[in-house]
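Here's the structure we're looking at; comments come further down.
The values are calculated or read from the model by the stated rules, or taken from the named source; none is laboratory data. Everything quoted here is computed from the prediction, not taken from an experiment. Virtual Cβ from ideal backbone geometry, glycine too; neighbours counted across all protein chains shown. For accessibility, only protein heavy atoms count, side chains too; no ligands or nucleic acids. Shrake-Rupley method; radii C 1.70, N 1.55, O 1.52, S 1.80 Å.
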Amino acid sequence: MSRFSLNFLPSASISADNFMSFINVANVVGAVMFVATMAAMFYFAFKYKQKNTKDEGEYLPGNYLIEFTGIFVISLWVAVFFLWGWRDYSYVITPRADEAEVNIIGQQWQWTSQYASGRTYTNEVYLEEGRPVRFVMTSKDVLHSFYIPEFRIKQDVVPGQFTSLHVTPTKAGEYNIFCAEYCGTAHSKMLGNVHVLSKKDFQAWLDGTYTAPAKVVEKLEPKANRTMTMAESGAHIFRTKSCVSCHSVDGNRQVGPTVKGLFGKEVELVGGMKVTVDENYLRESIMDPMKKIVKGYAPQMPTFRGMLSDEDVNDLIAYFKTLK
Ligand code: CUA
């Protein structure tokens with residue numbers, strides 16, 4: 001880290017390192033500009049101080065060279081800062097090939113994390129050091145904002161849709177999750193922990209043999225200790241909520257489109273619009289099935305609003321992802 005760093009907060013992700021290099025340069029440039037401007041101001045104020053009441057300044061019509069140089073240099077900096085910021089922001093919104101996925105559900109006033117294995121935690125997130133991860137987030141009630149200061153990432157969590165963030169934790173340790181959007185009485189208590197584990201510890205965690213430092217032992221037990229993975233639970237919901245009566249899982253056409261190979265596919269809708277099937281499309285089609293009708297099918301699916309929880313929807317999506 002640069003010796004000019006004003007970094008009181010540990011950096012624990014690639015985005016945090018990117019962000020700190022940027023902010024350090026911005027601070028140095030800002031400081032240099034400030035000192036230069038102040039020095040010029042004092043110099044001229046003293047040099048051209050009015051000596052007596054008759055002492056009047058010479059009329060200067062302007063100097064194009066100075067003006068254009070100033071405009072050019074400042075515009076250049078603004079452009080550099082924009083492109084630099086854009087590059088760092090792109091990192092947070094771009095998927096990576098080998099990334100893990102963690103579902104996050106915000107609600108008044110706690111965070112739920114859901115893992116493919118079916119493990120579900122309240123206010124605890126476990127990540128592997130060096131492994132890119134995608135947070136797929138939604139809210140049960142109002143707007144929240146998922147904020148991990150040590151990762152320098154923050155994203156609104158919105159009811160009725162999914163938002164995501166891509167991050168690569170770089171340092172094992174325990175970090176904070178804050179809610180950064182005022183969401184009611186206990187907003188300030190909507191706190192959680194991110195546990196970044198070394199490769200070895202993370203494998204142990206996956207196997208269920210991880211022994212945490214004493215301080216966090218009580219948090220290790222998943223709150224809802226499920227026996228099914230997310231995909232298994234999704235398959236169960238698919239059968240028991242009668243999705244299966246209209247949608248096949250083997251590619252056959254029934255009343256509705258098959259869900260085999262659906263995720264990531266481009267489908268054509270009535271009206272000719274094409275959409276790529278992602279988490280948001282699936283969720284919308286479950287909760288608001290009349291909104292986007294797939295071409296060649298009748299609009300007759302009932303809404304599952306109120307019948308499926310956010311966890312159920314996440315499980316179903318996890319199931320669909322397995323039906324390649
Ligand atoms: Cu949730 Cu503030």
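Points to keep in mind about this one:
- Loop chymotrypsin sites (Phe, Trp or Tyr not before Pro), the range 25-93 (other Cβ atoms within 10 Å of the site Cβ: 15 or fewer; DSSP): Y48, Y59
- Of the trypsin sites (Lys or Arg not before Pro) found in the range 77-149, those in coil by DSSP whose Cβ has at most 15 other Cβ atoms within 10 Å are R96.
- Using alpha carbons only: equivalent-ellipsoid semi-axes of the range 1-74, gyration tensor based, whole Å: 41, 16, 6
- Share, in percent, of DSSP beta bridges within the chain that are antiparallel, nearest 5: 70 percent
- Relative contact order of the chain: 15 percent, from C-alpha pairs under 8 Å at least 6 residues apart in sequence.
- Comparing I14, I153, I66 in a Gaussian network model of the chain, where Cα atoms under 10 Å apart are tied by springs, the biggest mean-square fluctuation is seen for I66.
- Given +1 at the Cβ of Lys and Arg, -1 at the Cβ of Asp and Glu and no other charges, the dipole of the chain around its Cα centre is 200 debye to the nearest 20.
- Fluctuation leader among V294, V80, V125 - the chain, Gaussian network, Cα springs under 10 angstrom: V80
- Surrounding net charge for N314, when Lys and Arg each add one and Asp and Glu each subtract one, Cβ distance under 11 Å: -4
- GluC sites (Glu not before Pro) lying in DSSP loop within the range 16-98, provided at most 12 other Cβ fall within 10 Å: E56, E58
- Binning all Cα-Cα separations of the range 175-324 at 10 Å, short to long from zero, yields these whole-percent fractions: 9, 30, 26, 21, 13, 1.
- Fraction of accessible area attributable to carbon and sulfur, the chain (%, probe 1.4 Å): 62 percent
- For the range 110-154, diffusion coefficient by Stokes-Einstein and Kirkwood Rh (Cα), 25 °C, 0.890 mPa s, µm²/s: 203 µm²/s
- Selected from V267, V158, V78 as most flexible by GNM, with the chain as the system and alpha-carbon contacts under 10 Å: V78
- Averaging 1/r over each pair of different alpha-carbon atoms in the chain and inverting the result gives 23.6 Å, the Kirkwood hydrodynamic radius.
- Accessible surface computed residue by residue for the chain, with neighbouring protein chains in place and a 1.4 Å probe, gives 58 Å² per residue.
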